[in-house]
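Readers should treat all values here as calculations from the given coordinates under stated rules, not as data from a laboratory. Everything numeric in this text was worked out from a predicted model, so none of it was measured. All Cβ positions, even for glycine, are placed from backbone atoms using ideal geometry, and neighbour counts span all protein chains on display.
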Amino acid sequence: MKDLAQKVGQALLEKGMKMATAESCTGGWVAQAVTTVPGSSGWFDCGFVSYSNRAKQKMLGVDLEVLERSGAVSEPVVAQMAEGALHNSEADIAVAISGVAGPDGGSEDKPVGTVWLAWAIAGQPTVTCLSFFNGDRDAIRQQAVEQALEGILAYLPH
């Protein structure tokens, strides 16, 4: 994971960009992964860990009606989380994650391993991706972190 985080940092530095994170089920793991890289202060602005719905509202500006209608693990919520991270930071790109890491909390509609990710770039629309990950809680969370970092690389302007 450190190699991937270094690639993200190098790409952001080359473009003169900074990133921010808005994390729920990963609990700050993306932010932790990127800050293990020496010099990350040059390309990482901040991370928001918004585990509760109230924190998503207060810290990131996620709309209460959207939370109630769609649930925290949903495309519109994670898109608002990414946009909120951009709005409340000095970042040029943000990634947001919300999911069901288990072992409990899954439902028929959102089984354990359901994770929504969104990437937002200032001045561009939010890009979202739904992933179903396998394994235990740590494995699901690790896969989400890796996907988040891969997405930063994929969505940076070329």
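Taking the conditions exactly as written (within 27 Å of ASN134 (Cα to Cα), among the small types (Gly, Ala, Ser), surrounded by fewer than 18 Cβ atoms within 10 Å (Cβ to Cβ) and in contact with a helix residue (DSSP H, G or I) (Cβ under 7 Å, 6 or more places away or on another chain)), does SER98 satisfy them or not?
Details: within 27 Å of ASN134 (Cα to Cα): yes; among the small types (Gly, Ala, Ser): yes; surrounded by fewer than 18 Cβ atoms within 10 Å (Cβ to Cβ): no; in contact with a helix residue (DSSP H, G or I) (Cβ under 7 Å, 6 or more places away or on another chain): yes.
No, not satisfied.
So the check is Cβ under 6 Å with 6+ separation or different chains; which pairs have a first residue in segment 54-81 that's on the phi < 0 side of the Ramachandran plot and a second one that's outside any helix (DSSP H, G or I) and surrounded by fewer than 19 Cβ atoms within 10 Å (Cβ to Cβ)?
VAL73/LYS110; GLU75/THR128; ALA79/THR128
Could you give every pair whose Cβ atoms fall below 7 Å, whose first residue belongs to segment 38-50 and is over 16 Å from ILE152 (Cα atoms), and whose second residue is crowded, with 20+ Cβ neighbours inside 10 Å and among the hydroxyl-bearing types (Ser, Thr, Tyr), counting only separations of at least 6 or pairs across chains?
From segment 38-50, the pairs are PHE48/THR21; SER50/SER24.
What number of residues within segment 71-95 are surrounded by 22 or more Cβ atoms within 10 Å (Cβ to Cβ), of a type outside the set (Gly, Ala, Ser), in contact with a helix residue (DSSP H, G or I) (Cβ under 8 Å, 6 or more places away or on another chain) and over 20 Å from GLY16 (Cβ atoms)?
Number satisfying all stated conditions: 3.
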